[in-house]
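Worksheet: the structure to be examined is printed underneath.
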Amino acid sequence: MDKSRRNFLKKIALSYIYSDFVFKHFFLDKKSFLAFAEDKKDLEVLNDRPLNAQAEPHKLDQQVTPTHSLFVRNNGIVPSAAYQSDLSKWSLSVTGELNQEKSYTMKDLLKKFKLYTYQLVLECGGNGRAGFYPPTPGNQWTYGAVGCPEWSGIRLKDLLNDLGLKSSAKYIAYYGMDIHPSGDMKKDVISRGFPIHKALEDTTLVAFKLNGKDLPPVHGFPARLICPGFPASASGKWLKKIWVRDRVHDGAKMTGNSYKIPKNPVAPGSKVLDKDLMIIENMPVKSLITFPRSKSKVAVKDKDKFICRGFAWSGSGEIAKVDVSFDFGQTWHTAKLSQPANPFAWQRWEITLVLPQQGYYEVWSCATDMTGKSQPMVTPGWNPKGYVNNAMPRIAINVV
Amino acid sequence: MPEDPRKILVIKNCIMCHSAKLIAQNSMSKDAWQNIILYMQEKHNLRQLPPGDEQKIVSYLSQYFSPKVSHGIDGDLGPRAINPLP
């Protein structure tokens, strides 16, 4: 074969591989985007490939977050299996520091284990990243990478106890079916996990349902972990494998500076070596103002009965109180606070304020937990990737 | 993303895997953009770039997506003012 013909064939082959790759992956992702655009009209899209979208605070005003208002944070491409309702090919393998290793079909899981439903907060570790200065890289989440929907699934501890945990079991690692953005099928997109004590909590689930329905493709169909109180990246989607390890997991986005913060506080903008970082576990005390919408107008005649409400939560336990200020923190008013539906559910707070006169106000809310920890007004603890900003939220109000 | 002769290099090397929206959300110094390229090469299969191309990409990104006075978390409510350190 002459050289020019060989080159021509090579070109054809390359363009075939290239277009097939682009077509396959872009198409799959396009599909997730279109399906999403249909269900998630309420969300603000930060990145359309991979899909990352958040809710505006006033869209999170319902006690149980509706699926269409729940943020999406995808690191890779939604796997095609997430669109197939046929589960005959899907199984969950559970391996590692166990007396017995096993692969379960969906039928096995549903038959063998009891189903639980809890209302659980899921919050992205980078929620609030936009508040850091100097700016930190990644999706610039403001307030809306959080939600508290109902998750149904089996307890991870029931599954682990079925197989028998060895005393060497220290850490849970997950693997999902999502595809690396580069299209490299050998590369894990994200493979994180959590310590065994977290796996044994009642509310740590292998979940199959979100708000009573099968998980939508962008939220991890057919199964995902729910590890409430930890950064949402611990709650792996499109689950295919759980590996019980005898050490801290070192999968994709467990190492380097992903989902880590400095062991010792650093000045904003500092360079921090990987060895001086630690893995984020419990998310901090936080609140959100969900009503009214920021920049609302209030009629002067209603200024004595100005209703304001939102939610408060923490990764370390219950919230003890929520205080609200409309004068930049000079005076504080304690809101009515409800009990959580279950551990790791957010708590509703509500208050009726008397605004003194016509004009511009900012409303701030500040949650305090049972140990006395509360929210700072300014952005706390600058860190290289902009995680765990729990500064108080604020909204603007005009009394006219 | 702003039109510029260097833009094509960003499209060819960065936009294959993720959309331009991810870039446009960020604002970083030259050094920080350089580190992002390194991170993408180490962790996410970005190829080794010809030095000239790499320099052009970094200069494009740092020209148009550099830290400015931050609008911050509250959008056009403006930044959170804090007292300067004494």
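The values are calculated or read from the model by the stated rules, or taken from the named source; none is laboratory data. Quick caveat, the model's predicted, so the values are computed rather than measured. Heads up, the Cβs are rebuilt from the backbone with ideal geometry, glycines too, and the neighbour counts pull from every protein chain shown. Each accessible area value is taken on the protein alone, full model and side chains, heavy atoms only, with ligands, DNA and RNA left out. Shrake-Rupley method; radii C 1.70, N 1.55, O 1.52, S 1.80 Å.
Reported count of residues in the stretch A:363-392, each being of a type outside the set (Phe, Trp, Tyr), assigned to a strand (DSSP E or B) and open to solvent by 10 Å² or more (accessible area, probe 1.4 Å), is 4.
Of all residues in the stretch B:9-19, at least one satisfies being more than 14 Å from chain A (Cβ to nearest Cβ) and at pLDDT 90 or above. The listed residues are A:ALA335, A:ALA345, and the only one of them that is without any contact (Cβ under 8 Å) to a residue 60 or more places away in the chain and open to solvent by less than 50 Å² (accessible area, probe 1.4 Å) turns out to be A:ALA335. Suppose the filter is surrounded by 15 or more Cβ atoms within 10 Å (Cβ to Cβ) and part of a loop (DSSP other than H, G, I, E, B); does B:MET40 pass it? Considered against the rule, which asks whether it is surrounded by 15 or more Cβ atoms within 10 Å (Cβ to Cβ) and part of a loop (DSSP other than H, G, I, E, B), B:MET40 comes out as no. Determine whether A:PRO340 is over 22 Å from A:ARG293 (Cβ atoms), within 14 Å of another protein chain (Cβ to nearest Cβ), buried (at least 17 other Cβ atoms within 10 Å of the Cβ) and at pLDDT 95 or above. So A:PRO340 fails the test. Screening the stretch A:113-220 for strands (runs of 3 or more DSSP E) wholly inside it with 1 or more residues that are among the small types (Gly, Ala, Ser) and within 14 Å of chain B (Cβ to nearest Cβ) returns no ranges. Among the residues of the stretch A:249-257, are any crowded, with 23+ Cβ neighbours inside 10 Å and not assigned by TED's automatic domain parsing to the domain that holds A:GLN347? For the stretch A:249-257, residues crowded, with 23+ Cβ neighbours inside 10 Å and not assigned by TED's automatic domain parsing to the domain that holds A:GLN347: absent. Looking across B:ASN26, B:ASN35, one residue alone is open to solvent by less than 40 Å² (accessible area, probe 1.4 Å), facing chain A (nearest Cβ under 9 Å) and either under 12 Å from the mean Cα position of the chain (by Cα) or closer than 23 Å to A:GLY386 by Cα (or both). It is B:ASN26.
Considering A:GLU350, A:GLU318, the condition of being over 20 Å from the mean Cα position of the chain (by Cα), away from chain B (no Cβ under 14 Å) and closer than 19 Å to A:VAL146 by Cβ is satisfied by A:GLU350 alone.
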